[in-house]
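Just so you know, all these numbers are worked out from the coordinates, no wet-lab data involved. Source: prediction; values computed, not measured. When we count neighbours, we look across all protein chains shown, and the Cβ atoms used for this are built from the backbone with ideal geometry, even at glycine.
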Amino acid sequence: MQPTLDFPDQPTLTPEIPPTWCEGGDVFHITDKCSRLKAIRRNRRITGKPGSAMRQCFNCEDIVRTKRSG
């Protein structure tokens, strides 16, 4: 089991997959099925805990809110 990740603005969210974002971007994604994540070139993706100024994209936020797995 992977360790859970805490989100400073949403402490109840602990997605099972680490968030991914692009360097210099302000939006992060928590599912590899997200169409916005696929727009980020694979070699530009960074995985791990995002900074506090970042926000989830609407697709990923909806997936977490409805407790879907992707």
Of the peptides 32-39, 47-54, how do they stack up when ordered by the mean number of other Cβ atoms within 10 Å, highest first?
-> 32-39, 47-54
Environment charge at ASN59 (Cβ cut-off 10 Å; Lys +1, Arg +1, Asp -1, Glu -1) = 0
